Amino acid sequence: MQWLHLRFLAPIASFGGETIDAHGVTRTMPALSMVTGLLANALGWTRSMGTQHQRLQDRIVFGAAWESAQAPRDHLVDYQTAKISKKDKAWTTTGRVAERHGDRKLETVTVQRWQHYYCDVSLTLVIRLFDPNTSPTLDELALALEKPARPLFIGRKSCLPSDFIYRGKLDGFSTALSALRASVPNDESELLAYWPGNEMKEEATRMLTVTDQRDWSSRLHGGARQVCEGRIDPIVEE
């Protein structure tokens, strides 16, 4: 099987997770919806192309590994506020004006958010596709990642990469775990890794249930999938 090899190197990055109250938390692994959005952004797709996003998300198989024994210790929490008036209006993707209809006694309200990020991120990803001959193919995605239609970011728009994301292709590996072992740097061991729950379960330290898929028509997250978490060593060529 053929795989894309990506690296996320960035001062800060956020991988999403279940929002708790006003806290935008981050998982220790990228979300499937985030990987879908990254590839779609490179292709130049717009948010209105929900059907194309959904089909791409349904085809993606990926694994990820921190290039160290654990996720970064440094964790940034960005405190954000916005003063919102009941008179505020905004355009929506449907082309109509959205107005706020809150408590008429309140002229303004302050909204608070706490956005969570990892610092000094160094992460390896491998990606393959079901139905590899269907467009977009791996070749089309590789070309888009080399010359993206728009600037790419890792999770949120403030999370800009510090180096090229696309690092080439891998061939001849039947599982995400084996592709990860061949692509991570070989100067570390016991790397924290994640791969699909239907592959190499016996290698996992534990099984996780994650809700990282998006319904691109309703724009809501839902559904659950199994993910393996474990420690891997790189393949060292003699």
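Helix 50-59 axis versus longest C-alpha principal axis of the chain: approximately 30°, rounded to the nearest ten.
Working note: Cα atoms of segment 1-40, range along each principal axis, descending, whole Å: 41, 22, 18. For segment 143-238, the fraction of C-alpha pairs more than 17 angstrom apart is 67%. Taking the Kirkwood radius as Rh and the Cα radius of gyration as Rg, segment 161-215 has a ratio of Rg/Rh equal to 0.99.
Across the chain, counting alpha-carbon atoms alone, Rg and Dmax equal 19.4, 74 Å. Projecting the Cα atoms of Ser174, Pro72, Gly16 onto the charge dipole of the chain (Cβ charges, centred on the Cα centre) puts Gly16 farthest toward the positive pole. To the nearest 20 Debye, how big is the dipole of segment 127-179 about its Cα centre, given +1 on the beta carbon of each Lys and Arg and -1 on that of each Asp and Glu? Dipole about the Cα centre, nearest 20: 300 debye. Here Ala149 and Leu208 are evaluated by their C-beta separation; at R0 = 35 Å the FRET efficiency comes out at 0.60.
Taking the chain as the region of interest, the number of lysine pairs whose Cα atoms are within less than 28 Å, with members eight or more places apart or on different chains, is 12. The modelled label-to-label distance between Ile60 and Asp131, using points 7 Å beyond Cα along the C-beta direction, is 1.7 nm. Taking the helices alone, the chain has a mean residue ellipticity at 222 nm of -5000 deg cm²/dmol, built from -39,500 (n - 2.57) per DSSP H run of at least 4 residues and averaged over all its residues.
Since every read-out is calculated from the coordinates, none of them should be taken as a lab result. On a predicted model such as this, the values are computed, not experimentally measured, just so you know. Note that each Cβ is placed from the backbone with ideal geometry, even for glycine, and that neighbours are counted across all protein chains shown.
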